[in-house]
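Okay, structure first, notes after.
Values quoted throughout were computed directly from the atomic coordinates according to the rules given, and no laboratory measurement underlies them. Owing to the predicted nature of the structure, the values given are computational and were not obtained by experimental measurement. For neighbour counting, all protein chains shown are included, and Cβ atoms are generated from backbone atoms with ideal geometry for every residue, glycine included.
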Amino acid sequence: MAETLSAPPQVFTWDEIKRRSGKDPERWLVIDRKVYDISRFHKRHPGGSRVISHYAGQDATLLYNQMKH
Ligand code: HEM
């Protein structure tokens, strides 16, 4: 039935991801082609807010995989 189907994935441009990760508190980042809104999570990131926030607006796949996440 139609209501049991999941919605198609939302697609974002890099332009929007970068715009959402400016100086304001909003922060998005990309891992494995998926967009994460870390606006709130960055404060609770066990590795620290600084390191994760550094990758706001960017593709953090490589580093994410290098860490033992
Ligand atoms: C949405 C994305 C992310 C999530 C959900 C996440 C989650 C976590 C979690 C659960 C831990 C604790 C792991 C443990 O104690 O075994 C951790 C640690 C850590 N994370 Fe992330 N993380 C993310 C992105 C990143 C990114 C982009 C970096 C950039 C390099 C990063 C760097 C680190 C570091 C350095 C640690 C500490 C590792 C340690 O203490 O050995 N994380 N993260």
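Here is a yes/no grid of residues against (1) in contact with a Ser or Thr (Cβ under 7 Å, 6 or more places away or on another chain); (2) part of a loop (DSSP other than H, G, I, E, B); (3) exposed (fewer than 10 other Cβ atoms within 10 Å of the Cβ):
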{"site": "9", "(1), (2), (3)": "no, yes, yes"}
{"site": "21", "(1), (2), (3)": "no, yes, no"}
{"site": "26", "(1), (2), (3)": "yes, yes, no"}
{"site": "39", "(1), (2), (3)": "no, yes, no"}
{"site": "45", "(1), (2), (3)": "no, yes, no"}
{"site": "51", "(1), (2), (3)": "no, no, no"}
{"site": "56", "(1), (2), (3)": "yes, yes, no"}
{"site": "63", "(1), (2), (3)": "no, no, no"}
{"site": "68", "(1), (2), (3)": "no, yes, yes"}
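Those residues that are in contact with a helix residue (DSSP H, G or I) (Cβ under 7 Å, 6 or more places away or on another chain) and surrounded by 13 or more Cβ atoms within 10 Å (Cβ to Cβ), I need them from region 28-37; list them, please.
Within region 28-37, 28, 30, 31, 35 qualify.
Within region 11-26, can one find any residue that is of a type in the set (S, T, N, Q) and free of Cβ contacts under 8 Å to residues at least 12 places away in the same chain?
The initial filter retains those residues of region 11-26 that are of a type in the set (S, T, N, Q), namely 13, 21.
Still in the list and also free of Cβ contacts under 8 Å to residues at least 12 places away in the same chain: 13.
Within region 11-26 (the criterion being of a type in the set (S, T, N, Q) and free of Cβ contacts under 8 Å to residues at least 12 places away in the same chain), the answer is yes, since at least one residue qualifies.
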